[in-house]
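Q: Got a structure for you, questions after.
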Amino acid sequence: MISLGIEGTAEKTGVGIVDSDGNILAMAGKQLFPEEGGIHPRLAAEHHAEWIPKLIPQAIEESGLSYDDIDLISFSQGPGLGPALRIVATSARSLALSLKKPIIGVNHCIGHVEVGKLDTGAVNPVSLYVSGGNSQVIAYESGRYRIFGETLDIAVGNCLDHFGRETGLGHPGGPVIERLAKKGSYVDLPYVVKGMDFSFSGLLSAAIREVQKGTPMEDVCFSLQETAFAMLVEVTERALSHTQKDEVMLCGGVSANSRLREMLRTMSEEHGAKFYMPEMKLCGDNGVMIAWLGLLMCKEFGPMDLNDTRIIQK
Ligand code: KG4
């Protein structure tokens, strides 16, 4: 079976093609870079409307296949920005109708986990999925994927990006904060883990206040990272203890951060668990993960009804 996947939950448009053996036949993508501020849902939707029709033929050409060879159209059904999801769902339906192919909508977060397993060889990990829009600790347990912990407000990537914008570091904030943090030392910031969930909005406000008070930027960046990442690692550690699994996987765009990787790897090794991280091009949003999860789900449950118009917003 050959699956073509369309991704577009946030600011990245992606189209990927995979076969049943997990070979990646094509991976095309285009990211929207906002001129100012964060990601506006309408602009993200317009970006997808412009790029999906360009990326589909590009991916077909890259794969060396013809449209006839495609057996399944997979698309990211959510969670994500409502207007963006509607464009993706409509594009996928139009393609499925015109090619007379089956269609399946899939969960974006599980897409990250499944493509991570494909790439790393992890079998059944506890996954920390951290990006600009999502922060979740996910594991497959008792017959289905379950969320063991998640953010109570904003995603960790959003926290870093918002901090970057408010303090003049620019967007996206994550990479700049990582660089500055290397020269910083610790100042106290609020650490919020409630049960198995974490919260970043209070931490964000406190970090911005520190900068306004004149605390050196390097120190705030260091402390912001240490605090936010310790919260994520604590919840992953608890999920690992609870599930008694022996694998941990880090995925999503924030996994580019070497300090987060180091902290999660150390925790995993202390518990005798193997630590995995997919290659970076598969960590960010992409069409391949949607194509792959669609293929897995279709094999297990069959395609969805073309008239099913559900989308899963946050
Ligand atoms: O998964 P992703 O590519 O897409 C979205 O969710 O939109 O993740 C993007 C996020 C942004 O918040 C960005 O700041 C963060 O990943 N990021 C990083 C680093 N590189 C990218 N965060 C921390 N350290 C980095 N080096």
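The values are calculated or read from the model by the stated rules, or taken from the named source; none is laboratory data. Owing to the predicted nature of the structure, the values given are computational and were not obtained by experimental measurement. Cβ atoms come from the backbone with ideal geometry, glycine included; neighbour counts cover every protein chain shown.
Q: In the set S74, S94, S20, S66, which member is out of contact with any Cys (no Cβ under 6 Å at 6 or more places or on another chain), crowded, with 19+ Cβ neighbours inside 10 Å and among the hydroxyl-bearing types (S, T, Y)?
A: Result of the check over S74, S94, S20, S66: S74.
Q: Here's something else I'd like to know. All but one of (1) assigned to a loop (DSSP other than H, G, I, E, B); (2) without any contact (Cβ under 8 Å) to a residue 60 or more places away in the chain; (3) within 14 Å of the ligand (Cβ to nearest atom) hold for Y186; which doesn't?
A: Unmet condition: (3).
Q: When the residues of region 202-241 are filtered to those that are in contact (Cβ under 8 Å) with a residue 12 or more places away in the chain and of a type in the set (S, T, Y), which remaining residue is farthest from E166 (Cα to Cα)?
A: Among them, the one singled out is S241.
Q: Then there is this: Would you mind finding the one in A181, A206 that is surrounded by 15 or more Cβ atoms within 10 Å (Cβ to Cβ) and within 16 Å of the ligand (Cβ to nearest atom)?
A: Checking each option against the conditions leaves just A181.
For (1) out of contact with any strand residue (DSSP E or B) (no Cβ under 9 Å at 6 or more places or on another chain); (2) among the polar types (S, T, N, Q); (3) at pLDDT below 95, each residue gets a yes or a no:
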residue	(1), (2), (3)
H48	no, no, no
K54	no, no, no
E62	no, no, no
S66	yes, yes, no
L72	no, no, no
F75	no, no, no
G82	yes, no, no
L85	no, no, no
A89	no, no, no
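Q: Residue by residue through region 246-272, note down the ones that are crowded, with 19+ Cβ neighbours inside 10 Å and assigned to a loop (DSSP other than H, G, I, E, B).
A: Across region 246-272, the qualifying residues are G252, N257.
Q: Taking V235, is it more than 16 Å from the ligand (Cβ to nearest atom), out of contact with any Lys or Arg (no Cβ under 7 Å at 6 or more places or on another chain), of a type outside the set (S, T, Y) and not in a helix (DSSP H, G or I)?
A: For V235, the condition - more than 16 Å from the ligand (Cβ to nearest atom), out of contact with any Lys or Arg (no Cβ under 7 Å at 6 or more places or on another chain), of a type outside the set (S, T, Y) and not in a helix (DSSP H, G or I) - is not met.
Q: Take Q212 and decide whether it is on the phi > 0 side of the Ramachandran plot and away from the ligand (no atom under 15 Å from the Cβ).
A: In short, no.
Q: V211 fails exactly one of the following numbered conditions: (1) out of contact with any Gly (no Cβ under 8 Å at 6 or more places or on another chain); (2) within 30 Å of P125 (Cα to Cα); (3) part of a helix (DSSP H, G or I). What is the number of that condition?
A: Of everything listed in (1) out of contact with any Gly (no Cβ under 8 Å at 6 or more places or on another chain); (2) within 30 Å of P125 (Cα to Cα); (3) part of a helix (DSSP H, G or I), V211 misses just condition (2).
Q: Hey, can you tell me all the residues within region 122-154 that are surrounded by fewer than 24 Cβ atoms within 10 Å (Cβ to Cβ), within 13 Å of the ligand (Cβ to nearest atom) and either among the basic types (K, R) or in a loop (DSSP other than H, G, I, E, B) (or both)?
A: G133, I154, listed by residue number.
Q: Out of the residues in region 253-277 that are of a type outside the set (S, T, N, Q) and over 23 Å from R238 (Cβ atoms), which is nearest to the ligand (Cβ to nearest atom)?
A: The selected residue is G253.
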